[in-house]
2 protein chains.
Amino acid sequence: MEKESLLMLPGPVPMPERVRFAMSRQAINHRSAEFGAVYADCVRVLKTTFGTTNDVFVISGSGTAGMEAAVANFGRDKEIACFVNGKFGERLYKISQRYGKAHEIKSEWGTPLDLAALEAQLEAGAQVVTLVHNETSAGIKNPAAEIGKLARKHDALFVMDGITSVGGDLVETDKWGVDVAIVGSQKCLAAPAGLAAVSVSARAWERLTKNPPYYLDLAAYKKSAAGKPMETPYTPAVPLFLALREACLIVEEEGLANRIARHQKMAKAVRAAAQAWGLSLFPKLDAKHEYATTVTAVSYPDGISDDAVRATIKKLGITIAGGQDHLKGKIFRIGTMGAVSAPEILATLAATQHGLVKAGYKIKGNGVEAAAEVLE
Amino acid sequence: MEKESLLMLPGPVPMPERVRFAMSRQAINHRSAEFGAVYADCVRVLKTTFGTTNDVFVISGSGTAGMEAAVANFGRDKEIACFVNGKFGERLYKISQRYGKAHEIKSEWGTPLDLAALEAQLEAGAQVVTLVHNETSAGIKNPAAEIGKLARKHDALFVMDGITSVGGDLVETDKWGVDVAIVGSQKCLAAPAGLAAVSVSARAWERLTKNPPYYLDLAAYKKSAAGKPMETPYTPAVPLFLALREACLIVEEEGLANRIARHQKMAKAVRAAAQAWGLSLFPKLDAKHEYATTVTAVSYPDGISDDAVRATIKKLGITIAGGQDHLKGKIFRIGTMGAVSAPEILATLAATQHGLVKAGYKIKGNGVEAAAEVLE
């Protein structure tokens, strides 16, 4: 039977039918009231989802384009303190190196960030702080509220990658003092890949670079969004906007609080399964850091082959993620993002349990049952 | 009846059903052999369509992102000679100003470029030449082959925006000496908006900047495309790739020569109609410049209101373009791009004729009949 593998990745994730079929309509003019209304719907819901009254723009490009827009418009030629405890923190650091003077504040992947080191950087003159809220490469959630406070205390701009948290976990852009927040479409919003949304505070606008790139020039986005009809400065990826609108309407219909509670429950179920199996979660936490709500990273026990486990899972029609870069073979990651709920989680955990057993791991207990207990 | 307006714009254009419905499938993993095969199909057909054996990459972003990729990777800190005889030439000039030392070689919109001025710039040390092959804002086709020769003679890189010519008109990237060519998805390829493809010559690679942007870093595209499976460096807009693949397969099935001949015939039909009506085509040509094959720009006679004409056409379910910027109200433009053929052209010309008459213009003759004669 030809059927898509169930993607239980930390993005992309399965899309609801409404979202997918919104893309199949005929081309519409992107300089029209109709498109303007689509864009406005997206922005209205995204503002709620970001927890902000700041400007929000949608960029036709991936989350990485959103990260670069943030750094290029607000970090050029600045001293930038970059938190790194996973792959996406590294990416923000690499982007920052291309635009400003970037200072890495590095922890091992999946371990707590060094907030004292940030204070030192801020005292030494850092003007911008970059953070990945939810580090999917390691399954750790970083203390955005506290970092926001430190940034504000030292009058630095706070750029937060919320690519895999916005829409699936609590994000309070304004309350936390996030000046630029970013989300990707194919994560908790359960829209197709290819769009990023970026919020910009008034404080950030005051510090806008005079030398922005062109495609990611946020002042141009601001000008076009203020037009009637609301527009993007360059041709937008219209089908993706149509899909994102549906995805946003679904978020609105579910209610953000319900959606976050659902995500939290799904992650709790996956953690319960891992624990029941006798496996360790990969992140090392302290009082300030938490397990991610939208992805769970689990360490393989010694001698258990990632390839073997995930091949079995794949045979059962499900795709979960392995580790990236130096974590390849050492962890597996199960995404709990977007439109999925109990059936997908149970199927995934059943397949994972089978994969672990088949690869030679002696499970301590029935993880699927433990998860069902949480999900019920 | 709710039905999409027939878009006879110089992009976006109507998409074949196969292309549209390719987007509605469930999310697939973009780090997979399946996605790699989709990307490879696109690149295979695009190479033929560009007339190149150079590397071709697909970027998740609009044509403007493709233009910026060209300039940012190969024009940074260089002396750049920028031909401008329309809006998109201006855009390439503006982008060039953000990356290098840009020198505008300006003509009135829709009038011939000054090739002698280019020679002077090249002799004065210009290292990069930018050209819009098909200037849709004015309906003029610029002499790319000749400009390529001049660039090569002076060992300058030749960046050509083929956004609205590739796939609908003859483009010979390699024969003309184009080092970087760009196409947009929503033009002659009749795919959805949101992707750009860029070709890069070996000569261009040798002169790659050491300081590229991040999202548009073409070396990263090259590295990922060489992988097994073929990949993009950052998450691609998967549904748009699926659609572009179908659009490319349609180009292959039609055959490029047939497709170009069809586009030429459609433009000829529109020109014949304008002539029959007694209207002037907007571009002022010399022996080296031609009317565009993929869009026809027609000057309004004095006293005829653009708003009135296009409102009538819109009532009849068809959208054509007006003029941009200072040409607003002075010209109308009919796109002849992509999947459209005789029925759409005839309907558009019939509606336009009616719009002109209703707005008070006394047509000289029956343009629809003249077009039918050409199309038959």
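The values are calculated or read from the model by the stated rules, or taken from the named source; none is laboratory data. If you're wondering where the values come from, they're calculated on a predicted model, not measured in any experiment. So basically every Cβ, Gly included, is an ideal-geometry build from the backbone, and we count neighbours across all protein chains shown.
Per-structure values
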{"item": "Yes/no for A:Pro239 being within 14 Å of chain B (Cβ to nearest Cβ), buried (at least 24 other Cβ atoms within 10 Å of the Cβ) and closer than 30 Å to A:Lys47 by Cβ", "result": "yes"}
{"item": "Hey, A:Ser305 assigned by TED's automatic domain parsing to the domain that holds A:Ala273, over 30 Å from A:Asn258 (Cα atoms), hydroxyl-bearing (Ser, Thr, Tyr) and surrounded by fewer than 19 Cβ atoms within 10 Å (Cβ to Cβ) or not", "result": "yes"}
{"item": "Residues satisfying the stated conditions in the stretch B:201-222, i.e. basic (Lys, Arg) and more than 14 Å from every other protein chain (Cβ to nearest Cβ)", "result": "B:Arg203, B:Arg207, B:Lys222"}
{"item": "Residue list for the stretch B:222-246, restricted to those being farther than 21 Å from A:Tyr93 by Cβ and either outside any loop (DSSP other than H, G, I, E, B) or acidic (Asp, Glu) (or both)", "result": "B:Lys222, B:Ala225, B:Glu231, B:Val238, B:Pro239, B:Leu240, B:Phe241, B:Leu242, B:Ala243, B:Leu244, B:Arg245, B:Glu246"}
{"item": "Selected residue [within 18 Å of B:Phe332 (Cα to Cα) and more than 17 Å from the chain's Cα centre (by Cα)] from B:Ala237, B:Ala292, B:Ala272, B:Ala287", "result": "B:Ala272"}
{"item": "Residue check, A:Asn54 modelled with pLDDT of 95 or more, under 29 Å from A:Met337 (Cα atoms), away from every other protein chain (no Cβ under 11 Å) and surrounded by fewer than 24 Cβ atoms within 10 Å (Cβ to Cβ)", "result": "yes"}
{"item": "Matching entry among B:Val71, B:Val45 (being of a type in the set (A, V, I, L, M, F, W, C), under 19 Å from B:Asn134 (Cβ atoms) and outside any loop (DSSP other than H, G, I, E, B))", "result": "B:Val71"}
{"item": "Complete set of residues in the stretch A:73-97 that are more than 20 Å from the chain's Cα centre (by Cα), within 14 Å of chain B (Cβ to nearest Cβ) and touching a residue at least 12 places away in the same chain (Cβ under 8 Å)", "result": "A:Asn73, A:Gly75, A:Arg76, A:Asp77, A:Ile80"}
{"item": "Top-ranked residue in the stretch A:74-98 [being outside any loop (DSSP other than H, G, I, E, B) and charged (D, E, K, R); ranked as surrounded by the most Cβ atoms within 10 Å (Cβ to Cβ)]", "result": "A:Arg91"}
{"item": "Single residue of A:Ala102, A:Ala65, A:Ala69, A:Ala27 found to be modelled with pLDDT under 95, hydrophobic (A, V, I, L, M, F, W, C), crowded, with 21+ Cβ neighbours inside 10 Å and not assigned by TED's automatic domain parsing to the domain that holds A:Thr348", "result": "A:Ala27"}
{"item": "Residues that are assigned to a loop (DSSP other than H, G, I, E, B), more than 7 Å from chain A (Cβ to nearest Cβ) and surrounded by 24 or more Cβ atoms within 10 Å (Cβ to Cβ), drawn from the stretch B:10-24", "result": "B:Pro10, B:Gly11"}
{"item": "Qualifying positions in the stretch A:177-209 - on the phi < 0 side of the Ramachandran plot and surrounded by fewer than 24 Cβ atoms within 10 Å (Cβ to Cβ)", "result": "A:Ser201, A:Ala202, A:Arg203, A:Ala204, A:Trp205, A:Glu206, A:Arg207, A:Leu208, A:Thr209"}
{"item": "Flag if B:Arg333 is within 18 Å of the chain's Cα centre (by Cα), among the basic types (Lys, Arg), closer than 29 Å to B:Asn85 by Cβ and not in a loop (DSSP other than H, G, I, E, B)", "result": "yes"}
{"item": "Search result, residues across the stretch A:242-263 that are within 22 Å of A:Leu170 (Cα to Cα), within 14 Å of another protein chain (Cβ to nearest Cβ) and touching a Lys or Arg at 6+ places or on another chain (Cβ under 8 Å)", "result": "A:Glu246"}
{"item": "Test: residue in the stretch A:227-234 that is more than 8 Å from chain B (Cβ to nearest Cβ), farther than 23 Å from A:Val171 by Cβ, acidic (Asp, Glu) and touching a helix residue (DSSP H, G or I) at 6+ places or on another chain (Cβ under 6 Å)", "result": "yes"}
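This table checks each residue for (1) of a type in the set (Gly, Ala, Ser); (2) touching an Asp or Glu at 6+ places or on another chain (Cβ under 8 Å).
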{"position": "A:Lys101", "(1), (2)": "no, yes"}
{"position": "A:Ala138", "(1), (2)": "yes, no"}
{"position": "A:His154", "(1), (2)": "no, yes"}
{"position": "A:Phe158", "(1), (2)": "no, yes"}
{"position": "A:Leu170", "(1), (2)": "no, no"}
{"position": "A:Lys175", "(1), (2)": "no, no"}
